1. Does the stretch 191-198 contain any residue that is surrounded by fewer than 16 Cβ atoms within 10 Å (Cβ to Cβ) and touching a residue at least 60 places away in the same chain (Cβ under 8 Å)?
2. So which helices (runs of 4 or more DSSP H) stay within the stretch 140-250 end to end and still have 3 or more residues that are modelled with pLDDT under 95 and in contact with an Asp or Glu (Cβ under 8 Å, 6 or more places away or on another chain)?
3. Could you tell me which of the residues ASN391, ASN417 is more than 28 Å from ALA214 (Cα to Cα) and in the same structural domain as SER327 (by TED's automatic domain parsing)?
4. Restricting to the stretch 335-386, count the residues that are more than 25 Å from ASN423 (Cα to Cα), touching a residue at least 12 places away in the same chain (Cβ under 8 Å) and out of contact with any Phe, Trp or Tyr (no Cβ under 6 Å at 6 or more places or on another chain).
5. Among all residue pairs at least 6 apart or on different chains, which show Cβ distances below 9 Å where the first residue, located in the stretch 67-84, is within 15 Å of ILE101 (Cβ to Cβ) and the second is of a type in the set (Gly, Ala, Ser) and part of a helix (DSSP H, G or I)?
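The values are calculated or read from the model by the stated rules, or taken from the named source; none is laboratory data. Small disclaimer: the values here were computed from a predicted structure and weren't measured. For neighbour counting, all protein chains shown are included, and Cβ atoms are generated from backbone atoms with ideal geometry for every residue, glycine included.
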Amino acid sequence: MIRSFKVSFIFLISFFSFHVSAQECDLRCQMESMLGSKPENKSSTPSRPSERRYSSSKPLIHDVKEVQDFLDQITLYFVGEEFIKVGSVRGDLDSFNISNIKMEADGESLVEIRQISFSDDDRLGWANKRPSSLEDFISYDYYSEFFENGGLYANSEFKIEGINLSRDIAEELYYEVPYLRNLGLTDNVNLSYLQTSDYKDVEGEFLLDMNDQAKVSIKFEQPKIPLEESLGVIKEAFQLLSYAQYEGSCESDYNNLLNEYGMTSDDYPMPAFAFEYFGCIFSGLEYIDDDVYLSFFESMEGNSSFNYAGKFSYDVSWSTEVWNAASIASGGALDVGLLTAKGFLANKMSKFELVSLLDGLGIPYEYKGLFDDLVYEYYSDFYNEAKSFVNYPRGIGISVEILNPIDPNVLENLEDNPMLFFNLLNNIRFDIYANPSI
């Protein structure tokens, strides 16, 4: 289990690192190409501040030239050419806005984005703060002020607005369903994440809006986790990163790289330089002893609370035009399915009729009465929503709500006592509903 976790974790978070190492020209070669020539070292050893500073008072994203240079170096490194241009950038310690972004190749626009923005409405003075060095990113001390001031539950919003894909890209996307081509789904795509909180609860919503023709909404609502529990888990995660830094000898590599490129820890790092440093840390995860991972899991379990209650929902909606296009693309299969469903839902079944249909499921006799009651209760709740959908199919939503905290002892003894399954269901509410308003 530990081995599979390590492999999966390392693969997910370090995918780009393996891509970097696969380039024909190594990172130093690429970086020297970006710089034109490697500058002379400022000193034989990089200067280090006498006291550790974990952030500066300067915003991270605020200057258009700096952002443009960063993007140029990223695209040059990975693709071999500069193809992303930005129109304007502004930012302070609590927000940023990057506008008029264009991705072009051979003089033709591939993707245009009206703006990317983020704002911390609580104005904690941290969300867009510039770190003092790369080491800050794996240091708990850098984040401590943010976490301790309630940053995890900050009222905040992130948006990517006005995504417009070129006609050629859209043609490829619509290749399998050409009937969608004229609906303009990819002419104005908007992505957003909004988080709000009060003194006891936090809510969040991820929203994908495709030109008002199709929408996807994912929402959650939950009580705030006590600060001491949150911080305990976070500290353990940063401790794991520090082990990875040690195992990968990243700190000495970091100092050597600073010296080699004539930089100090206060210099704004070149993108390629950053990739090498983080690649070292991610690689170091593979060399951590299994005992360290076991200790990490045990600490997380001790710091985590099973007293979770909350609600999660997933909603999808679409326009009449999208449904008609999908219906044509299915060759009539969607319409046949709706007609069949309408016949099935024409009259609500009695409990006896529904139970008769389910007799072949092999439910043990001692649980069958409870199972039949539960199934019919859900059938009754979903019946009206299902009937509304088949008569006017414009969207569907699913929600799961944990009404009361679940005792972990119930989960541990579930196999020995299947009756406890009904205890779980009494504390969980499932809902399926038609045509949600997004």
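1. Looking through the stretch 191-198, none of the residues is surrounded by fewer than 16 Cβ atoms within 10 Å (Cβ to Cβ) and touching a residue at least 60 places away in the same chain (Cβ under 8 Å).
2. Numbers: elements: 140-148, 167-173, 227-247.
Result: 227-247.
3. Values: ASN391 fails: more than 28 Å from ALA214 (Cα to Cα).
Just a single option satisfies the conditions, and that option is ASN417.
4. Residues that pass the stated criteria total 6.
5. ILE74/ALA272
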